[in-house]
Amino acid sequence: MPTWRVDLKREADLIEEVARLYGVDRIPATPPRGAIGANAFDAMHDQIAEVRRILTGIGLNEAQGQTLIADTAAALAVNPEVIVRLDNPLSSDMNVLRPSLLPGLLDMIRHNAHHRQGDVALFEVGRVFRLKQGQPVEQRHVAIALTGQRSGAFWGDDDATMDASDLKGVVEEFLERLGHRGILFARREQPTGLFIDSGEARLGGKLFMGELGQLLPAIARQLDVRGGVFLAEFDLDQLLGRRPAAGGFKPLPAYPAIQRDVAMIVPETITHDEVVQAVKRAKADFLEQVDLFDVFRGKNIEAGKKSVAYAFTYRHAERTLKDAEATASHDKVIAALRDKLGATIRES
């Protein structure tokens, strides 16, 4: 060993020197022994991280609430019979395990309102605890809260206050990015102690996945919030556990589409999902997309009804669609709307 190489002191130094002289690029790469493979915990952790990326990408800010909350707050969100209570609580404000993420988000909305921040778009991912058959059960949930304006109040902007449509749009975007396209929304029949108006989300129209709605104005006033507060909460374990497999790339359309617009009068109780399902059951050939682009109530529309306008897109995957083919398919759609929903088609 040269006397001037005083940096070579250990066996590892000699090995490194040999590798340098031989050429690191000439040493074959081999996987380490006992490499850790994929496991269920890592997979779930990655999916939850993806949920956070999706919601922040939509424009929401993440919040972190307390696991221990007051029983009075918990009772607003769920049936008191499912609340998990502590035997020796530290205080009356922390005497139960949270059965829902919504009380925590409402507390954060109140905190922001007291600091003159009225435009809030939050989400939280966390664990909730409920009694089932007398035993506490732990679940992962995801919740969303919106209030205030859609964007900051600038001199050139309209006063665009968020409403139920904004919440439903955020929820639909979130679910679509997760890969869920079979979740249907329906108005909730039974009122709750939290919502003035609410709906349920069910997979395939059957399995309960979550709820969304507008907070009772009386509770909003207690939070010192002037406008509406819109909330949603979903069972994240169900969303991820029943997540469909990732689909492959779908080529861009090679042939032009034909679009037909329809304006119709329907009962006020008819929802967008009911229209979409009626159209799907018509099994119209070449129907590619259904878009709602207008809702009107008021002059010339009788009470208890509304006018809705839809755009139906038809396309053939392998050739240019003929106008007669699109008309035949569109006639099936019109017949289904009349028969299933009692719609009155408005002539242009």
Practice item. Please tell me if D285 is acidic (D, E), under 30 Å from G179 (Cα atoms) and surrounded by fewer than 17 Cβ atoms within 10 Å (Cβ to Cβ). Key: yes
Point to revise | Search result, residues across the stretch 323-337 that are over 15 Å from Q277 (Cβ atoms) and not hydrophobic (A, V, I, L, M, F, W, C) | key: D323, E325, T327, S329, H330, D331
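With the condition being touching a residue at least 60 places away in the same chain (Cβ under 8 Å) and under 16 Å from the mean Cα position of the chain (by Cα), I'd like the strands (runs of 3 or more DSSP E) fully within the stretch 187-265 carrying at least 3 qualifying residues.
Numbers: elements: 195-203, 207-215, 229-235.
Fully inside the stretch 187-265 and qualifying: 229-235.
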Check your understanding: Could you count how many residues in the stretch 238-253 are modelled with pLDDT of 75 or more and farther than 25 Å from Y314 by Cα?
Key -> 8
Check your understanding: Exactly one of (1) modelled with pLDDT under 90; (2) surrounded by 14 or more Cβ atoms within 10 Å (Cβ to Cβ) is unmet by G104. Its number?
Key -> (1)
Practice item. Determine which member of the set R53, R5 is on the phi < 0 side of the Ramachandran plot, in a loop (DSSP other than H, G, I, E, B) and either in the same structural domain as H141 (by TED's automatic domain parsing) or without any contact (Cβ under 8 Å) to a residue 24 or more places away in the chain (or both). Key: R5
**Study point:** Qualifying residue in the stretch 294-312 (condition: part of a loop (DSSP other than H, G, I, E, B), farther than 22 Å from I183 by Cβ and among the aromatic types (F, W, Y))
**Key:** no
Review point. Among the small types (G, A, S), within 15 Å of V266 (Cβ to Cβ) and part of a helix (DSSP H, G or I), is that true of A336?
Key: yes
Practice item. Of all residues in the stretch 187-210, count the ones that are crowded, with 17+ Cβ neighbours inside 10 Å and farther than 20 Å from L175 by Cβ. Key: 1
Review point. I144 passes all but one of (1) surrounded by fewer than 16 Cβ atoms within 10 Å (Cβ to Cβ); (2) modelled with pLDDT of 90 or more; which number fails?
Key: (1)
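Within the stretch 77-101, which residues are surrounded by 17 or more Cβ atoms within 10 Å (Cβ to Cβ) and either within 24 Å of the chain's Cα centre (by Cα) or assigned to a helix (DSSP H, G or I) (or both)? Can you show your working first?
Initially, the stretch 77-101 is screened for residues surrounded by 17 or more Cβ atoms within 10 Å (Cβ to Cβ), giving 77-78, 83-84, 95-101.
Scanning the stretch 77-101 gives A77, V78, R98, P99, S100, L101.
The values are calculated or read from the model by the stated rules, or taken from the named source; none is laboratory data. Note that the structure is a prediction, hence the values are computed from the model and not measured. Ideal geometry is used to build each Cβ from the backbone, glycine not excepted, and the neighbour counts take in all protein chains shown.
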